[in-house]
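Notes follow once the structure below has been shown.
Nothing in this text is a laboratory measurement; each read-out follows from the coordinates by a stated rule. What you see is a predicted model, and the numbers here were worked out from it, not measured in a lab. Counting neighbours? That spans all protein chains shown, and the Cβs are built from the backbone with ideal geometry, glycine included.
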Amino acid sequence: MRIRLHPELFRIPFTDLTVKSYGFLMVCGFISAIYVIRRLSRDLGDHSEHITSAALYSLIAGVVGARIFYVIHYWPQFSGKPFTEIFAVWKGGLELLGGVLLAIFIIVGYLLVKKLPVRRYLDILGIGLMLALAFGRLGCFMNGCCFGRPTESPVSVRFPYASLSYESQIRPDIDRHRHEPYIELPADYFDVIDGGYYLKSYESLTPQQKFEVAKDGPYRCLPVVPTQIYESLLAFTGCVILFFHRQRGIKIQQQGKKLPFLFRPGITFSLMFVIYGTMRFFIEFLRDDNPIQADGLTISQNLSIMLIIVNLGLIILFAKMKPDNFTFKKP
């Protein structure tokens, strides 16, 4: 499958600003998540104004957290540049996991201040977050980031010239223990600026060069694993699993039966992180962008292990806690 990237959806009239595909789909995910959360929270009473307020706070926290995590993760890109570059979110550069973690911290604080049933709302939040993640990974696909390893599998995608995947394939990557590029691109495809080699824009290539990097050319991008699509599909599936897990617990409680340990409040939320951490850990083996750490894993894999361990501990904790006195209306 050949991909035509659209990292920028459109340019805002009379300005030099553009709407990024990644940001647009993140907003779509946010709106979808809020809709689902508001619908599911009807079981907990009429607190729609609190949902709206918490959503606005979490949106701000999400952008801040996503940017902080990105800057930390890719600090060499910012080192030596003006300090204001850290705040240039409109140029792109957000890490979904950082935004999620800070947003959760803010939401929990808000629920505690408003004296709302924290674990009950966190269960709903977990479903919404998994849905937002699915949209976020579609944004990654449109942007061309979070790309996979080269593969000969028929289930693959081929990104265009000058995409992030292509840039990775034409250079060695010491951080991933790759000392030779996948594609030996001739020197006349590069411009030399201040001693550095920069890939020429597609428009500045000769007709022959354009043919060589096109569909049947010798220097076209190698097909890669569609990791963004895989993770998006897994996230949509995880969202459905979490929804039915919560609904099962509610049904048991409505029938007046004793609530089993694994269906107690808070467990759906923690289960979300166990599912996310597990799928992210294995997806990372198929990706080809994140640096490999000293332990042979990427920073995302190490964070995934931490998420799984912490949330398995929370599942045990929530399972041992007595169910709250909250009562749902009988169907």
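Long-range amide H contacts for GLY266: which residues qualify at under 5 Å (H placed 1.01 Å from N, peptide plane, sequence gap of 5 or more or a different chain)?
Placed amide hydrogens put ASP123 under 5 Å from GLY266.
Alpha carbon centre of segment 253-299 versus segment 12-27: separation in Å?
31 Å
What distance in nm lies between label points placed 7 Å from Cα along the C-beta direction at GLU203 and ILE241?
So the two model labels end up 4.7 nm from each other.
Round to the nearest 10 and give me the degree value, 0 to 90, for the angle of helix 227-254's Cα axis relative to the longest principal axis of the chain.
0 degrees
Compute, for segment 220-268, the length of the dipole vector about the Cα centre, with Cβ point charges of +1 (Lys, Arg) and -1 (Asp, Glu) only. Units Debye, rounded to 20.
320 debye
Please list, ordered by chain and number, the residues whose modelled amide H lies under 5 Å from the amide H of ARG178; skip anything fewer than 5 residues away on the same chain.
Residues meeting the amide H criterion: ASP173.
Indicate the gyration tensor shape class of segment 150-224 (rounded, prolate or oblate), computed on the Cα atoms with a ≥ b ≥ c the square roots of the eigenvalues: a/c under 1.5 is rounded; otherwise a/b larger than b/c is prolate and the rest oblate. Numbers along the way, then the final one.
Values: a/c = 2.21, a/b = 1.13, b/c = 1.95.
Oblate.
Across segment 262-267, in residue order, what do the Karplus-derived ³J(HN,Hα) couplings come to in whole Hz, using 6.51 cos²θ - 1.76 cosθ + 1.60 with θ = phi - 60° and x for Gly and Pro?
7, 10, 6, x, x, 6
5 Å is the cut-off here: which amide hydrogens, built 1.01 Å from N in the peptide plane, fall below it relative to LEU9, excluding neighbours closer than 5 in sequence?
Residues meeting the amide H criterion: VAL19, LYS20, SER21.
Compute the acute angle (0 to 90°) between the alpha-carbon long axis of helix 48-73 and the principal axis of greatest extent of the alpha-carbon atoms of the chain; round to the nearest 10°.
40 degrees
Could you list, in their original order, any pairs among LYS114/LYS320; LYS20/LYS251; LYS81/LYS215; LYS251/LYS320; LYS81/LYS114; LYS20/LYS215 whose Cα atoms are separated by more than 31 Å?
LYS20/LYS251; LYS81/LYS215; LYS81/LYS114
What length, rounded to one decimal in nm, is gained on full extension from THR15 through to ILE72, with 0.36 nm per residue of separation minus their alpha-carbon distance?
Going from the current span to full extension adds 17.5 nm.
Using only the alpha-carbon atoms, how far is helix 96-113 inclined from the longest principal axis of the chain? Give it as 0 to 90 degrees, nearest 10.
20 degrees
When the helices in the chain are scored as -39500 (n - 2.57) per DSSP H run of 4 or longer and the sum is shared across all residues, what 222 nm value do you end up with, to the nearest 500 deg cm²/dmol? Mind showing how you got there, number by number?
On the way: 9 runs with 169 residues, N = 331.
Helices in the chain give a 222 nm mean residue ellipticity of -17500 deg cm²/dmol.
Please state the Cα pair-distance histogram of segment 32-123 with 5 angstrom bins from zero: what percent is in each bin?
With 5 Å bins starting at 0, P(r) equals 3, 13, 21, 20, 13, 10, 9, 7, 3, 1, 0.
Taking 0.36 nm per residue of sequence separation and subtracting the Cα-Cα distance, how much length would be gained by fully extending the chain between THR151 and ASP175, in nm to one decimal?
Separation in residues times 0.36 nm, less the Cα-Cα distance, equals 6.6 nm.
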